[in-house]
1. Counting only C-alpha contacts under 8 Å and six or more residues apart, can you give the relative contact order of region 141-310 as a whole percent?
2. Each residue of region 245-253 in order: what ³J(HN,Hα) in whole Hz does its phi give by Karplus 6.51 cos²θ - 1.76 cosθ + 1.60, θ = phi - 60°, with x for Gly and Pro?
3. Between [x] 229; [y] 195; [z] 116, which matches volume of the Cα convex hull per residue in Å³ calculated for the structure shown?
4. Once you have a ≥ b ≥ c as the square roots of the Cα gyration tensor eigenvalues for region 19-137, tell me rounded if a/c is under 1.5, and otherwise prolate or oblate according to whether a/b is larger than b/c.
5. Pick from Asn108, Asn260, Asn159: which is most flexible by mean-square fluctuation in a GNM of the chain where alpha carbon atoms under 10 Å apart are linked?
6. Taking only C-alpha pairs under 8 Å that are 6+ residues apart, what is the relative contact order of the chain in percent?
7. Give the long-range amide H neighbours of Gly22: residues separated by 5 or more places, or on another chain, with amide H under 5 Å away, using H modelled in the peptide plane at 1.01 Å from N.
8. Whole-Hz ³J(HN,Hα) for each residue in region 167-177, computed from phi via Karplus 6.51 cos²θ - 1.76 cosθ + 1.60 with θ = phi - 60°, x for glycine and proline: what do you get?
Amino acid sequence: MRVLINLVVVLAAMVLCPAAFGQISFCNYSPLSVNVAVAGPGTIPGTQQRAFVSKGWYRLKPFECEDLVQGPLAGQDFYYYGETPGGKWDWSGNQLLCVSENAFTIANRDCAESALRKFRRIDTSSGTAKVRFDCPPCLDSQFVNTLKMLLPVINGIANLALPAEYRTNEWHDVGGVDVQGGLSRGLLSLNVKDNQISISGRIYYWLAASSRSSDSRTMLGSCGVNEARPWVDVTVTSAFGITPEGRLVAKTWTNLDWGNPCRVTILNIDVTPFIQQLIEPLLNELTKEIDSDIGRVDVSQFMDRANPYAR
């Protein structure tokens, strides 16, 4: 009984005080790696003494997120400082706190002026927080020109992942109706803007619906068969970053714009999602191929070694 009562008390505390525990997430949306230092309540290394300490460095690669602080946050002060390798760009504030060149956990007392950085306060009043690193100034013509050199590589990946023609070889049961369909792709267009490469194209499709009895099949309706095919515009966007080792990383996402959707409905069944099920695996394979293959591209030979992108 005592164990049950204790459990009830713990659960009640969790329900009544949901903000008591939380996390501070740090996400890097810049094209460069970011070295992060975090300051807040902690323990002095080698002792059990509590103090206000700063810790670092945590390295976030482009498009990487990490929960660097977890525990009770509300009512406590936390700060952060971030900088790109080489320190050309930073995310700073007004609070001077200590750091070190190598990995560190430092109680913030007196330290050399050269070891001070201006930390920015994190609002933890809600019991959780998210810090985002953006860096539009990090982009320069050299990085954009490097991306343009990748266009033939991306184009090759896209043409392999998105076949010019594709169709289902069998009938598929959709809500009691047998459905068959196919796709055909137009030319792909590639564009570079900032640190992003976009692949866009139009996919035409057709669909036929039927029912089957024991010895025959009866056609119920179709779209794009013996008539103009409906279409969907597809955009695949990859944002690129570069590691200090001179290798690319990518984060890819897709968007479908059903500008001319299939409007065939049979027995109140909308068959348009069936076409989406045909397209999405192809797009998922494309995003997977881009993100994995780009990680193997070494661009350091194209970039000035004195440039912060390659340090």
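1. Values: 304 pairs, mean separation 33.8, N = 170.
Computed over region 141-310, the figure is 20 percent.
2. 7, x, 10, 7, 10, 9, 10, 10, 9
3. [x]
4. Working: a/c = 1.79, a/b = 1.13, b/c = 1.59.
Oblate, because a/c is 1.5 or more while a/b does not exceed b/c.
5. Result: Asn260 has the largest fluctuation of those listed.
6. Value for the chain: 15 percent.
7. For Gly22, whose amide H was placed from the backbone, the distant partners under 5 Å are Gly71, Leu73.
8. Residue by residue, region 167-177 yields 8, 7, 8, 10, 7, 10, 6, 10, x, x, 10 Hz.
Values in this text are rule-based calculations from the coordinates and carry no lab data. Just so it is clear, the structure is predicted and the values come from calculations on it, not from any experiment. Cβ: placed from backbone, ideal geometry, glycine included. Neighbour counts: every protein chain shown.
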